[in-house]
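Report on the structure given below.
The values are calculated or read from the model by the stated rules, or taken from the named source; none is laboratory data. Computed from a predicted model, the values in this text were never measured in an experiment. Cβ placement follows ideal geometry from the backbone for every residue including glycine, while neighbour counts extend to all protein chains displayed.
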Amino acid sequence: MPAQTPVPPYYAVIFTSFRSDIAEGYDQMAERMVALAADQPGFLGVESARESEGITVSYWQDLDAIRKWKANVEHQLAQSLGREKWYLAYKTRICLVERDYEWKLPSAR
């Protein structure tokens, strides 16, 4: 199910990645980063999907919360390890969400 976000505006950080063949430690670090982000002030939620490329979208209250998350020491370590061994390439985009809407099957409510 989609992350439960507040009424806009809020921000989305879209992280698109292409993995290397090295898997050791990746899943544990990814789980730790989600848990760590969830404890950060201004964090609103996260959604993630992976096949040949991975896309993780995290939602944040404001740009200051995103800056503080990027500066988090443990997150910086994960970024460094990602560049050293887990990723072939990645791109991060920061977007202002001005509008959102959703639909669900009645049985999914």
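Would you say residue 20 is surrounded by fewer than 16 Cβ atoms within 10 Å (Cβ to Cβ), out of contact with any Phe, Trp or Tyr (no Cβ under 8 Å at 6 or more places or on another chain) and polar (S, T, N, Q)? Before you say what the answer is, go through the steps one by one.
Numbers: surrounded by fewer than 16 Cβ atoms within 10 Å (Cβ to Cβ): yes; out of contact with any Phe, Trp or Tyr (no Cβ under 8 Å at 6 or more places or on another chain): no; polar (S, T, N, Q): yes.
When the stated conditions are applied, residue 20 does not pass them.
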Filter result for residue 83 (of a type in the set (D, E, K, R) and at pLDDT 95 or above): yes
When residues of the range 67-90 are limited to those that are of a type in the set (Lys, Arg) and under 15 Å from residue 14 (Cα atoms), the one farthest from the chain's Cα centre (by Cα): 67
Looking only at residues that are of a type in the set (Val, Ile, Thr) and farther than 20 Å from residue 76 by Cβ in the range 16-66, which one is farthest from the chain's Cα centre (by Cα)? 55
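Report the residue count in the range 41-94 for those that are of a type in the set (Val, Ile, Thr), within 21 Å of residue 26 (Cβ to Cβ) and surrounded by 15 or more Cβ atoms within 10 Å (Cβ to Cβ). If you could, list the steps in order and put the result at the bottom.
Here is the first cut: in the range 41-94, the residues of a type in the set (Val, Ile, Thr) are 46, 55-57, 66, 73, 92, 94.
Checking which are within 21 Å of residue 26 (Cβ to Cβ) leaves us with 46, 55-57, 73, 92.
Narrowing the set further to residues that are surrounded by 15 or more Cβ atoms within 10 Å (Cβ to Cβ) leaves 46, 56-57.
Residues meeting the conditions: 3.
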I need every pair where a residue in the range 53-66 that is in a helix (DSSP H, G or I) has its Cβ under 7 Å from the Cβ of a residue that is among the β-branched types (Val, Ile, Thr), sequence separation at least 6 or different chains. 66/13; 66/94
Sole miss for residue 99 among (1) over 16 Å from the mean Cα position of the chain (by Cα); (2) surrounded by 15 or more Cβ atoms within 10 Å (Cβ to Cβ) is condition (2)
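Would it be correct to say that residue 93 is at pLDDT below 95, within 14 Å of the chain's Cα centre (by Cα) and of a type outside the set (A, V, I, L, M, F, W, C)? Don't jump to the end; show me each part of the working.
Details: at pLDDT below 95: no; within 14 Å of the chain's Cα centre (by Cα): yes; of a type outside the set (A, V, I, L, M, F, W, C): yes.
No: the conditions fail for residue 93.
For the range 34-52, which residues satisfy the criterion of being out of contact with any strand residue (DSSP E or B) (no Cβ under 9 Å at 6 or more places or on another chain) and either assigned to a strand (DSSP E or B) or modelled with pLDDT of 95 or more (or both)?
Filtering the range 34-52 down to residues out of contact with any strand residue (DSSP E or B) (no Cβ under 9 Å at 6 or more places or on another chain) leaves 35-36, 39, 41, 51.
Across the range 34-52, the qualifying residues are 35, 36, 39, 41.
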Flagged pairs (Cβ under 8 angstrom, 6 or more apart or on separate chains; first in the range 3-28, in a helix (DSSP H, G or I); second surrounded by 14 or more Cβ atoms within 10 Å (Cβ to Cβ)) are 26/19; 26/86
